[in-house]
Structure formats: C-alpha cells, structure tokens
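Everything below concerns the one structure shown next.
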Amino acid sequence: MLILAIETCLGECSVALLKGYSVISYILESRAHKQSEKLILMIEQALEENNTTYEELDYLAVSNGPGSFTGIRIGVATANAIAFAAGKKVIGINCLEIIAFGKNEKICSVLDAGRNQVYAQKFINRIPHSTIELIEYSQVNEFADGFKIIGNKFVEEINIPNAKNVGMVALKYLQNSNTKLLNEVDPLYIRSPDAKIKTI
C-alpha cells in the first residue's frame with residue numbers, strides 16, 4: 001500500500017511517502033513562506049526520489065485541522081486536487097489525533113489556537129475520549145485532569161504533527177473495513193468568526 005501524506009496545519013510543511021508502515025521518503029520545510037508553492041515541489045521530489053507517479057499511489061492522507069486557517073486550506077486543497085486528478089481516495093486526519101499517535105496512555109492533545117486559547121482533545125490509548133474543544137489556556141489543566149498534556153505549546157511534552165504520523169494514523173483507518181473513503185475531505189477549522197468559547 002502506497003500512501004502520500006501531507007501536513008501543513010501549523011505553519012511547517014511536510015510530505016511523506018509510505019509503503020505500508022515504512023516511510024520511504026520524508027521532506028520537511030520549517031518556514032511557512034510560500035507554503036503552497038513549496039508543497040507541490042516537495043510532493044514531486046518525494047515521488048521522483050522513489051520513481052513513483054501519482055497514478056501509482058493507493059491513497060492520499062492529509063491533516064485537515066484544527067490549526068492555521070491558511071495551512072489547513074493549502075494542505076486540504078492540494079490533497080483534494082491530486083486525488084481528483086489521479087482518481088484516488090483521500091482521508092483527512094485530525095491534528096490532535098496525530099499528536100496522540102503512538103501514545104499508549106491517557107493523553108490530552110493541545111494545539112495553540114491564538115488569543116490565549118487552545119484546541120484540545122483527550123485520548124486513551126490513541127482512541128478519542130472527548131470531542132475537540134476550543135478552550136481558554138487557563139482551562140487546560142481542568143479539562144485534562146488525569147491526562148498527560150502534549151502538543152505544541154503550554155504542555156508537559158512538545159509533540160508537533162508531521163506527515164509521517166499523518167500516514168501512520170491513516171493506515172490505522174485504512175485497515176478498518178468500516179472507514180469511509182472519500183473523493184475529497186473537508187477542512188476542520190473548529191473556530192469560526194462568531195465562535196463562542198466553551199467554558200467548563
């Protein structure tokens with residue numbers, strides 16, 4: 001199974017090509033400048049390094065949020081365009097689940113949402129134990145009570161989403177016969193201009 005995985009939700013941009021559970025190519029661009037232009041070049045580089053074409057891919061996987069509105073839009077639009085052109089299915093992976101990947105314990109994944117707020121979700125042995133919430137930073141410890149806090153800011157352990165883990169989480173879903181495969185995925189923004197902050 002050959003999967004092209006894309007991660008762009010937090011400003012960094014990464015691409016991975018996975019053959020089963022083996023990562024055969026991984027490219028990271030840590031600067032957000034001209035992210036959309038660099039992403040296509042990175043994808044083409046990963047394919048060329050492995051003498052692979054878009055048509056030879058089995059699936060695409062992309063982090064679809066929450067995170068940077070611009071980053072989410074670029075990653076999702078690129079994955080959907082490739083899936084459409086190559087006639088492939090694409091799977092969207094929640095960034096908070098990517099953070100929890102490989103953690104066989106009680107985890108509260110946290111992403112900085114700006115405005116002294118965070119996106120947060122709890123997992124037990126990588127299985128979601130709550131919905132995604134947009135909460136005040138001051139509420140994180142209360143929300144995460146009894147769970148280890150990991151993520152990109154205000155946390156016990158730094159863990160940044162990357163394309164390798166996007167692909168690994170996608171493989172978990174692809175092995176489940178109940179997973180619905182899509183022709184395109186929708187962005188998962190969570191916050192909207194008139195969003196109300198959840199209090200707990």
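Looking only at residues in region 101-117 that are surrounded by 17 or more Cβ atoms within 10 Å (Cβ to Cβ) and not hydrophobic (A, V, I, L, M, F, W, C), the one that is nearest to the chain's Cα centre (by Cα) is Ser109. Residues in region 1-49 that are within 16 Å of Asn80 (Cα to Cα) and among the hydroxyl-bearing types (Ser, Thr, Tyr) were compared, and the one that is surrounded by the fewest Cβ atoms within 10 Å (Cβ to Cβ) is Ser36.
Tallying residues that are surrounded by 15 or more Cβ atoms within 10 Å (Cβ to Cβ) and either out of contact with any helix residue (DSSP H, G or I) (no Cβ under 8 Å at 6 or more places or on another chain) or farther than 25 Å from Gly102 by Cβ (or both) within region 131-144 yields 7. If you go through region 118-130 and pick out every residue that is over 18 Å from Cys95 (Cβ atoms) and surrounded by fewer than 15 Cβ atoms within 10 Å (Cβ to Cβ), you end up with 1.
Only one of the numbered conditions (1) at pLDDT 95 or above; (2) not in a loop (DSSP other than H, G, I, E, B) is not met by Ser130, and that is (2). Look at region 36-47: where a residue is under 16 Å from Glu12 (Cβ atoms) and a partner is part of a helix (DSSP H, G or I), sitting 6+ places away or on another chain with Cβ atoms under 6 Å, you get Ser36/Ile74; Leu39/Thr78. Take Leu39 and tell me if it is within 28 Å of Asp112 (Cβ to Cβ), assigned by TED's automatic domain parsing to the domain that holds Lys164 and assigned to a strand (DSSP E or B). Taking the combined requirement at face value, the residue does not satisfy it. Let me spell it out: the conditions are (1) crowded, with 16+ Cβ neighbours inside 10 Å; (2) in contact (Cβ under 8 Å) with a residue 40 or more places away in the chain; (3) over 24 Å from Ser14 (Cα atoms), and Gly151 meets all of them except one. Which number is the exception? Just one mismatch for Gly151, condition (3).
The values are calculated or read from the model by the stated rules, or taken from the named source; none is laboratory data. All values reported here derive from a predicted model rather than from experimental measurement. Backbone-built Cβ (ideal geometry, glycine too); neighbour counts: all protein chains shown.
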